[in-house]
Amino acid sequence: MAAGAVPLAGGCLLACGSRSGLDTPVVEVAVIHGLDAGVDASQSGLENIDPVCSAGGGPTVYPPYVPLVPPTNLPANCANGFWIGDATAGSVYTVDSLAPMGASASTLDIDFATYKQPDGVVITGTLAGGTTYTLLDSCRLQTSDNGDMTNGEFRPADDTIRQFRVNVQAGTVSLSFDFGGVVSPMYIQALGLCAFDLTSFSANAVTWQLVP
């Protein structure tokens, strides 16, 4: 287990959501519905917000592996974050801005692995006035031909990961990572969170780990 990681029995291994499209065919594609402005198209070829998810799901998509790009877009003093291995289905991890009026506009680097079965993850931001917006909505992404080899305890191999870059709006007072659509082992890492208070999420995942 990684140094400092917090183990916990559990993690959702059963069908815990209805948005994954597990009963529909796999579609091997590199691009889904074009690209949003916040996506690094050369890296992932995936939309940050898959419109099919809000409509109830659709065919599984399995984009080919592209070598991962280091988070060179992040300022040197803002490359920190966290990763979660096997978040518990239905749990929500919320981080609050360190500034009362909200964080400045920024970009987050997201690494996401679902392995053989799509898992639904939604990242939303809340502005100072209470308005919410979506940064990431993924519900039908398959990232590997194999199952999770990590038991949720360490970062998986690069070829099981797909990358996203998502935009935090100025004035965001909190970010929520909603694992309501998790149906199987998964992994997510978010970097670029220096403006947020990264409190422990160990009670709702096999492993929660800070990334310095």
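None of the figures in this text is laboratory data; all of them are computed from the coordinates on show. Given the structure is predicted, the values throughout are model-derived calculations rather than measurements. Using ideal geometry, Cβ is built from the backbone for each residue, glycine included, and neighbour counts are taken over all protein chains shown.
Checked against (1) over 13 Å from the mean Cα position of the chain (by Cα); (2) within 15 Å of residue 134 (Cβ to Cβ); (3) of a type in the set (Ser, Thr, Tyr), residue 176 passes all but condition (1).
This table checks each residue for (1) within 16 Å of the chain's Cα centre (by Cα); (2) farther than 18 Å from residue 47 by Cα; (3) acidic (Asp, Glu).
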{"site": "117", "(1), (2), (3)": "yes, yes, no"}
{"site": "121", "(1), (2), (3)": "yes, no, no"}
{"site": "162", "(1), (2), (3)": "yes, no, no"}
{"site": "200", "(1), (2), (3)": "no, yes, no"}
